[in-house]
Amino acid sequence: MPTIERMLTNISYIGALRYNYRGYTSKKDWVINDEKDLVLVENDHPAIISSELFERCQQRYTERKNTVYHVRKPLFADLLICTTHQLPLS
């Protein structure tokens, strides 16, 4: 998981701890446990950011995570030609 994504989804930045979030399968792969099994300890340590800011970040992160981005074609892709096969390189 990239660092920024970890920061945007980690509740420890608001001073809370989450226990029993992940479980492990028989193949030693991890899975996310159900909400009902989650243990949340609020105000465990001093918060780095406010809960309101964290919630706004969660909303923006969720919106952007579901956005489909199109890959742009390189600027000179149609101008470059493979001399061996006479094909465009794009």
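The values are calculated or read from the model by the stated rules, or taken from the named source; none is laboratory data. The shown structure was predicted, so the numbers you read here are calculated from the model rather than taken from an experiment. Virtual Cβ from ideal backbone geometry, glycine too; neighbours counted across all protein chains shown.
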* To do: Among the residues of segment 54-68, write down those that are more than 11 Å from Leu8 (Cβ to Cβ) and either touching a Phe, Trp or Tyr at 6+ places or on another chain (Cβ under 9 Å) or of a type in the set (Ser, Thr, Tyr) (or both).
  => Thr67
* Could you grab me the full set of residues in segment 9-45 that are under 19 Å from the mean Cα position of the chain (by Cα) and modelled with pLDDT under 75? => Tyr21, Arg22
* Pair list, Cβ < 6 Å and 6+ apart or interchain, from segment 4-28 residues that are surrounded by fewer than 14 Cβ atoms within 10 Å (Cβ to Cβ) to residues that are part of a helix (DSSP H, G or I) -> Asn20/Asp37
